[in-house]
Amino acid sequence: MISTPPLKALQLNLGFSSFVGTNQRVFSRGFVGINGNKSWRHSMFLSTKPVLKDGSLSFSGMDALTSVPDNVVLTPFTNSSAFVGATSTEASSRHVFKFGEIRDVRLLSLFRFKLFWMIPRFGNSGSDIPIETQMLLMEARERPNSKEPSYILFLPLLDGDFRSSLQGNSSNELEFCVESGDPAIITTESLKAVFVNCGNHPFDLMKESMKILEKYTGTFTHREDKQIPGMLDWFGWCTWDAFYQDVNPQGIKEGLKSLSQGGTPAKFLLIDDGWQDTINEFQKEGEPNVEGSQFGGRLASIEENSKFRRTDTGVQNEAPSSLKDFVSEIRSSFGLKYIYVWHALMGYWGGLAPNAPGTRKYNPQLRYPVQSPGTLANKWDLSLDSMEKYGVGTIEPDKAHQFYDDLHSYLVSQGVDGVKVDGQNILETIAAGLGGRVSLTKKFQQALEKSIASNFQDNSIICCMAHGTDALYHSKTSGITRASDDYYPKNPSTQTLHIAAVAFNSIFFGEFVVPDWDMFYSKHESAEFHAAARAVGGCGVYVSDKPGHHDFEILKRLVLADGSVLRAKYPGRPSRDCLFNDPVMDGRSLLKIWNLNRCTGVIGVFNCQGAGIWHCMETTIQPKVSAELSVKVSPADIEYFEEVSGKQWTGDCAVYSSKAGFLCRVSKEESFDITLKILQCDVLTVSPIKVYSEEIEFAPIGLLNMYNSGGAVESIDSIRDSSNTEIRIKGRGGGNFGAYSSTKPKSCSVNLKTEGFNFKSEKHLLTCLQKVERGKSNMSYAYLFKYIIIGDTGVGKSCLLLQFTDKRFQPVHDLTIGVEFGARMITIDNKPIKLQIWDTAGQESFRSITRSYYRGAAGALLVYDITRRETFNHLASWLEDARQHANANMTIMLIGNKCDLAHRRAVSTEEGEQFAKEHGLIFMEASAKTAQNVEEAFIKTAATIYKKIQDGVFDVSNETYGIKVGYGGIPGPSGGRDGSSSQAGGCCG
């Protein structure tokens, strides 16, 4: 087993004497060319409604489109927005309407280059807008006396049963296409096919437009109003690129172990494709597989395959007895907080096997996908081509919720916390005869989200291959969506495309969900490029390393010792001056991605030039690029900086380069140059310098050893008297904390303990080192004891476990279904003991499941409720089960729970004592609510087991006694239902 060191929320206190310090401005090496050419920008929306007149669509006198046809219809909505549609003389299931001409403007299109994936395209006229564009942002012609440009946003929508998209033609005309996906569903008009809006702040424009549409349509929810899954704040490992479909239990354990031993423990695990029970008639044993034939595989049942479940034949002797046992084992051994598994929207790539006993009740029908002309016009896709060839076993739409609920409830019973659901855009290709693409997507999306809500506690879903607006505009609760095509570790030409695509796609996706940047290899020539992007992306951080193949220098700049990550506040998006520049192929532009933390801003700078070519480009020749390129960077690149600047702000910022390791002071209007080679990057922490007294100006940088240094700073305040000023910083993590300070402090303390510090007056850089040990090997227990908690339903078994592991009481607790699990470290005789505790269901219907957990248990807590006589009367039956199915030397503690309700007592203390005496049990009364005797009950049981070991009662080499010998070591933290520390944090300095 691997443990992680406990991290606590630590406090850094800095004391300053009241003397005048230097206040000069210092620009360190690595930052050159200070320029006063940036101005702080504010947002406003144009108050003049869009007008369609004389063939022009205009906003406040600015023409957005010219030569608009007469059949185009404008419906004004708000002061700056409108819906646009068109009419036709013929009814059809697909229309392409001309919208008007666009010439000589800068524009950004986000379009689907494949059915499943979207990328950006940059241009200057209508002919540069690709087919299947789902968002178009245009820089408007400048108005008289206006220094800042305005922006016009076009969002193609869902209008009734029709979904719209944008496209350009060779005559520089913008067109919009509306289609139902079903030849039987036709129309002559679509009057609200496109939403248009205008403003002078592109990110406010995007957000407010989505808020307007959210309220108008009622079909989706904005990201800010969704529950965001907790796994985003913890480092993860995905099995896909480590094993592909050959994933297996032993490989998973090896991968988790190597990450933990290296000091970056994974707390989130995603078991990708390869765990399910599938059949594939297109792959024959002993014959070479045809490329793409894997997409002909179909789901045979909702259960795991023989790699994860031992079969009766005994052939798979190395397999765990069940997925449940495997999940429980790795959760306990590696302190995992979240375990997700993968499945496709239709169960598997080829859907459900139509005649399999395990799937027959969902009435799957083989359907062959048919793409729309729009997606056919872009890039060929192997997966979709294969599905068209082999067909997809499509769940009957009315049975979609039954399928998802059956699958997800089964996964929950196996201890799984959530799912990644792939292939979601397949619905639009199989919608003919099923009500059309919009209606079918809505039905499946609602069924899926309903099942997630009823089965998983944390909105635990990652959506994938879901870039079509059919699904996005029906996303009511889903909180995470993959924002790019796959990460391809073996294709060097896609590394820069991946980063640029996610950043630009996040402009759109970030209004619906938290964009997921996908996994990456930490041991790869582009690893730091990807790591830095995740650091500023505001996303989850997870790798797909092969076991033992890790770059821990990179990982330790992303992951704290407890496995948490310093996730930024918003979806990372390109800075305003990058919106219309191609960072991959124009040969000159670098990509800047901005974000905010709680107290600081952050900017990632990436040189994506010269290493790849966008898909669907006419040219396949990479333009020549200089060996180094430069870009100007300014605090003004960070939007919404006022959220962290506050009233005490001087107007200057401390800027720290994670690449160069230098600090400089820059005013809000100034900029400086960053120079990078191809595939190089830098992450800059930007902290507002604030006045804390007449003599002291200060700005926390955070953990200098992390890419997103400022993410470690959680709060900062100060106390001042006549002679001293104390600045207090709360944060988490460990390492080298840094700050800008105009004067040298006279003292520094961490958690009230005085610590040494270093102050470089010429750079105004203050540093304080807080050591944190990583990757302590842990089999760090002398022994592991397995416990089981038994007794009638409702006696408080789960509450006792929660009080013991988490030090909290949960007054309303769902009934335990099957078995739940908890763990905690304790110390007996100066030896670390790990308690692995199984909380069983009390209902009679689960007794057969419960009995299987008696075997291999060293101790049992037999619980009754002192206020319910019948629970005491049933003790003999529970004890008979335990004695029959467990080893003869199992230690049993009898607990009379709810002693805080003595006024409602139905069983006397003496009766409990007498029952224990007659049956050779230890006895205590306890209260899960007040915690009375809870600690003592668990520890006394453990002490009794330990004494039996010392007396030679147990053969500790035989793990069937529920005892496992470790290697000794340092006791782990107490707390955390999964055995890890319940409080993250540490010294951010």
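Please treat every number below as a calculation from the coordinates, not as lab data. Everything quoted here is computed from the prediction, not taken from an experiment. Ideal geometry is used to build each Cβ from the backbone, glycine not excepted, and the neighbour counts take in all protein chains shown.
For a protection proxy built on the mean count of beta-carbon atoms within 10 angstrom, sort 645-654, 213-222 highest first, please.
Details: 645-654: 17.5, 213-222: 16.0.
With the highest mean Cβ count within 10 Å placed first, the list reads 645-654, 213-222.
I need the Kirkwood Rh of the range 539-585: take the reciprocal of the average 1/r across all distinct C-alpha pairs and report it in angstrom. Walk me through the numbers on the way to the answer.
Numbers: mean 1/r = 0.0730 Å⁻¹.
13.7 Å is the Kirkwood radius here.
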Expressed in nm to one decimal, what extension gain is obtained for the pair E959 and F662 from 0.36 nm per residue of sequence separation less their Cα-Cα distance?
101.4 nm
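Report the net charge of residues surrounding H498, where surrounding means a beta-carbon distance below 10 angstrom and charges are Lys +1, Arg +1, Asp -1, Glu -1. Don't jump to the answer; show the numbers that get you there.
Values: positive: none; negative: D485, D486, D518.
Around H498, the charge tally is -3.
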Any chance you could count the Lys pairs in the range 439-508 whose alpha carbons are under 30 Å apart, treating pairs 8 or more apart or on different chains as valid?
4
Can you run phi through the Karplus equation (6.51, -1.76, 1.60; θ = phi - 60°) for the range 760-771 and list ³J(HN,Hα) in whole Hz, with x for Gly and Pro?
9, 5, 5, 10, 6, 9, 9, 10, 9, 8, 10, 6
Tell me, what is the FRET efficiency for E913 and S413 to the nearest 0.05, using R0 = 25 angstrom and their Cβ-Cβ distance as r?
0.10
Cα gyration tensor category, rounded, prolate or oblate, for the range 898-948 with a/c compared to 1.5:
oblate
Hey, how many Å between the Cα centroid of the range 691-748 and the Cα centroid of the range 856-900?
54
Given the Cα-Cα distance of E90 and Y368 and 0.36 nm per residue of separation, how much length would full extension add, in nm?
97.2 nm
Please give the length that would be gained between D246 and S877 if that part of the chain were fully extended, namely 0.36 nm times their separation in residues minus their C-alpha to C-alpha distance (nm, one decimal).
222.6 nm
Show me, for the range 538-547, the HN-Hα J-couplings you get by feeding each phi into the Karplus relation (A = 6.51, B = -1.76, C = 1.60, θ = phi - 60°), rounded to Hz, glycine and proline as x.
x, 10, x, 10, 8, 10, 10, 4, 5, x
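What does the net charge come to around N873 if you take all other residues with beta carbon closer than 12 Å to its beta carbon, with K and R at +1 and D and E at -1? Don't skip to the end; give the middle numbers.
Working: positive: R868, R869; negative: D792, D865, E870, E911.
With Lys, Arg at +1 and Asp, Glu at -1, the neighbours total -2.
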Determine the relative contact order of the chain: mean sequence separation of Cα pairs under 8 Å and six or more apart, normalised by residue count, in whole percent.
14
Return the calculated 222 nm mean residue ellipticity for the chain, to the nearest 500 deg cm²/dmol, obtained by summing -39500 (n - 2.57) across DSSP H runs with n ≥ 4 and dividing by the residue count.
-5500 deg cm²/dmol
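GluC sites (Glu not before Pro) within the range 476-576: which are DSSP loop residues with at most 13 other Cβ atoms inside 10 Å? Write out the running numbers ahead of the final one.
Values: sites: E511, E525, E528, E553; in loops: E511, E525.
Those satisfying the criteria are E525.
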Taking amide H atoms as placed 1.01 Å from N in the peptide plane, list the residues 5 or more away in sequence, or in a different chain, whose amide H sits under 5 Å from that of T394.
L352, Q365, L366, R367
Beta carbons within 10 angstrom, averaged per residue: use that to sort the peptides 759-768, 433-442, 404-413, 556-565, highest first.
556-565, 433-442, 404-413, 759-768
Skipping prolines and chain starts, which residues have an amide H placed within reach, meaning under 5 Å, of the one on A561, given they are 5 or more residues away or on another chain?
G734
Expressed as a rounded percentage, what relative contact order does the range 700-800 have, with Cα pairs under 8 Å and six or more residues apart?
20
Distance between the range 199-230 and the range 346-377 - C-alpha centres, whole angstrom
33
How many lysine pairs are close in the range 232-326, with Cα atoms under 28 Å apart and the two 8 or more places apart or on different chains?
10
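Which of rounded, prolate, oblate describes the chain, given a ≥ b ≥ c as roots of the alpha-carbon gyration tensor eigenvalues and a/c under 1.5 marking rounded, otherwise prolate only if a/b is larger than b/c? Kindly include the intermediate steps, with their values, before the conclusion.
Details: a/c = 2.06, a/b = 1.30, b/c = 1.59.
Verdict is oblate for the chain.
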The range 496-546 and the range 278-302 have their Cα centres apart by a whole-number Å value of 31
In nm, to one decimal, how far is the K49 label point from the L376 one, both placed 7 Å along Cα→Cβ?
4.1
Please give every one of the lysines within straight-line cross-link reach of K753, meaning a C-alpha to C-alpha distance under 22 Å, and leave out same-chain neighbours fewer than 8 residues apart.
K8, K730, K744, K771
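Which shape class applies to the range 163-241: rounded if a/c is under 1.5, otherwise prolate when a/b exceeds b/c and oblate if not, where a ≥ b ≥ c are the square roots of the Cα gyration tensor eigenvalues? Let's see the in-between values first.
Values: a/c = 1.89, a/b = 1.56, b/c = 1.21.
Because a/c hits 1.5 or more and a/b exceeds b/c, the range 163-241 counts as prolate.
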Quick one: net charge around L663, please, counting Lys, Arg +1 and Asp, Glu -1 for every other residue with C-beta under 10 Å from its C-beta.
+3
Using the Karplus curve 6.51 cos²θ - 1.76 cosθ + 1.60 with θ = phi - 60°, work out ³J(HN,Hα) for each residue of the range 683-690 in order, rounded to whole Hz, and write x for Gly and Pro.
10, 10, 8, 10, 10, x, 7, 10
Mean Cβ count within 10 Å, highest first, over the residues of peptides 713-720, 394-401:
394-401, 713-720
